[in-house]
Amino acid sequence: MWNRVYARRGIFNLIFAGLLLVAFGLALFWTGPHVYRYLTYGRHAAKVEFYVAPICDAAEHPVAVQVINNSSKTIEKVFFVLSAKQPGYSDNVAWAESSNDKILKPGEAWTSCYAARTFGQHDPKALKWKMESWFVTFE
């Protein structure tokens with residue numbers, strides 16, 4: 001009789017261990033790509049800083065974008081989308097999108113002026129600009 005009890009307990013333990021192993025494998029399968037992306041891209045991209053201001057003198061390129069590479073990797077290319085609102089309003093009245101292939105080593109910064117499309121007659125220098133979205137590729 002004791003042999004049957006221990007045999008059932010052994011089978012139960014094997015099934016439980018198998019289910020636990022499958023659950024661990026599924027968890028690793030689902031979280032693995034996210035952890036890999038964070039380690040290879042996310043933590044580096046989080047250290048890249050962007051500043052946007054309508055300070056350029058050229059009327060056709062009024063918006064300055066500064067990129068500062070505070071990561072430990074070299075930036076190969078930057079893509080970004082800017083938007084602008086009138087102070088006190090919520091609708092976007094201007095936007096700009098661009099990419100730049102200026103290579104920035106760790107610690108370097110770079111500034112350039114970009115054109116912007118406005119909806120209606122708005123002075124780009126009177127608008128409140130922000131970085132809507134961005135993407136960086138590293139070497």
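The values are calculated or read from the model by the stated rules, or taken from the named source; none is laboratory data. Model, not experiment: these values are computed from the prediction. Every residue, glycine among them, receives a Cβ derived from its backbone with ideal geometry; neighbour counts consider all protein chains shown.
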Mind checking which residues of region 48-61 are of a type outside the set (A, V, I, L, M, F, W, C) and either outside any loop (DSSP other than H, G, I, E, B) or loosely packed, with under 14 Cβ neighbours inside 10 Å (or both)? 49, 51, 57, 60
Cβ pairs under 7 Å, 6+ apart, first in region 105-125 and outside the structural domain of residue 92 (by TED's automatic domain parsing) and surrounded by 12 or more Cβ atoms within 10 Å (Cβ to Cβ), second in a loop (DSSP other than H, G, I, E, B) and modelled with pLDDT of 90 or more: none
Residue within region 1-10 that is touching a residue at least 12 places away in the same chain (Cβ under 8 Å) and not assigned by TED's automatic domain parsing to the domain that holds residue 123 present: no
Of these, 89, 38, which one is free of Cβ contacts under 8 Å to residues at least 24 places away in the same chain, among the hydroxyl-bearing types (Ser, Thr, Tyr) and not assigned by TED's automatic domain parsing to the domain that holds residue 124? 38
Residue in region 84-101 that is nearest to residue 129 (Cα to Cα), counting only those that are surrounded by 14 or more Cβ atoms within 10 Å (Cβ to Cβ) and over 17 Å from the mean Cα position of the chain (by Cα): 84
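Hey, among 84, 64, which residue is part of a strand (DSSP E or B), in contact with a Cys (Cβ under 9 Å, 6 or more places away or on another chain) and not assigned by TED's automatic domain parsing to the domain that holds residue 39?
Details: 84 fails: in contact with a Cys (Cβ under 9 Å, 6 or more places away or on another chain).
Criteria check complete, one pass: 64.
Quick one: which residue in 107, 120 is small (Gly, Ala, Ser), closer than 24 Å to residue 44 by Cβ and part of a loop (DSSP other than H, G, I, E, B)?
The match here is 107.
Hey, any hits in region 64-83 for a residue that's more than 30 Å from residue 40 (Cβ to Cβ), buried (at least 16 other Cβ atoms within 10 Å of the Cβ) and touching a residue at least 40 places away in the same chain (Cβ under 8 Å)? Spell out the reasoning first.
Of all residues in region 64-83, those more than 30 Å from residue 40 (Cβ to Cβ) come to 64.
Restricting the remaining residues to those that are buried (at least 16 other Cβ atoms within 10 Å of the Cβ) gives 64.
Then keep just the ones that are touching a residue at least 40 places away in the same chain (Cβ under 8 Å); that gives 64.
Checked region 64-83: at least one residue is more than 30 Å from residue 40 (Cβ to Cβ), buried (at least 16 other Cβ atoms within 10 Å of the Cβ) and touching a residue at least 40 places away in the same chain (Cβ under 8 Å).
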